[in-house]
1. Can you tell me which residues in the range 1-16 are surrounded by 13 or more Cβ atoms within 10 Å (Cβ to Cβ), assigned to a helix (DSSP H, G or I) and over 9 Å from the mean Cα position of the chain (by Cα)?
2. Quick check on the range 20-32: of everything there that is touching a helix residue (DSSP H, G or I) at 6+ places or on another chain (Cβ under 7 Å) and more than 21 Å from Met43 (Cβ to Cβ), which residue is surrounded by the most Cβ atoms within 10 Å (Cβ to Cβ)?
3. Could you please tell me which pairs satisfy a Cβ distance under 9 Å, a separation of 6+ or placement on different chains, a first residue in the range 36-55 that is under 16 Å from Asn9 (Cα atoms), and a second residue that is surrounded by 12 or more Cβ atoms within 10 Å (Cβ to Cβ) and acidic (Asp, Glu)?
4. Would you pick out the residues in the range 23-55 that are over 12 Å from the mean Cα position of the chain (by Cα) and among the acidic types (Asp, Glu)?
5. Six or more apart or on different chains, Cβ atoms under 8 Å: show the pairs whose first residue is in the range 21-32 and within 16 Å of Gly11 (Cβ to Cβ) and whose second is open to solvent by less than 90 Å² (accessible area, probe 1.4 Å) and among the acidic types (Asp, Glu).
Amino acid sequence: MSNHALCENLGYAARVAMDFAGKRVLSREAAREYLQMGARAIMQMSAEIEEDALA
């Protein structure tokens with residue numbers, strides 16, 4: 001996953017957090033998908049940190 005894609009996916013997760021703090025305009029399905037995208041980005045970054053630590 002490219003750095004741009006990582007940032008974009010984290011942005012989607014942040015949008016869900018902002019939506020929950022506001023008037024919740026995202027559908028449940030969109031919120032779930034956005035959170036999953038953010039989770040994938042976090043897992044990718046975590047894997048890269050582990051790889052760097054082993055190098």
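The values are calculated or read from the model by the stated rules, or taken from the named source; none is laboratory data. None of the values given here were measured: they were computed from a predicted structure. Backbone-built Cβ (ideal geometry, glycine too); neighbour counts: all protein chains shown. Remember, those area values only see protein heavy atoms, side chains included, never the ligands or the DNA or RNA. Shrake-Rupley method; radii C 1.70, N 1.55, O 1.52, S 1.80 Å.
1. Within the range 1-16, Ala5, Arg15, Val16 meet the criteria.
2. Within the range 20-32, the first condition is being touching a helix residue (DSSP H, G or I) at 6+ places or on another chain (Cβ under 7 Å), and the residues that meet it are 25-26, 31.
Within this subset, residues satisfying the condition of being more than 21 Å from Met43 (Cβ to Cβ) are 25-26.
Numbers: Val25: 8, Leu26: 17.
Checked the range 20-32; the qualifying residue surrounded by the most Cβ atoms within 10 Å (Cβ to Cβ) is Leu26.
3. Met37/Glu8; Ala41/Glu8
4. Glu29, Glu48, Glu50, Glu51, Asp52
5. So the pair list comes out as Leu26/Asp19; Ala31/Asp19.
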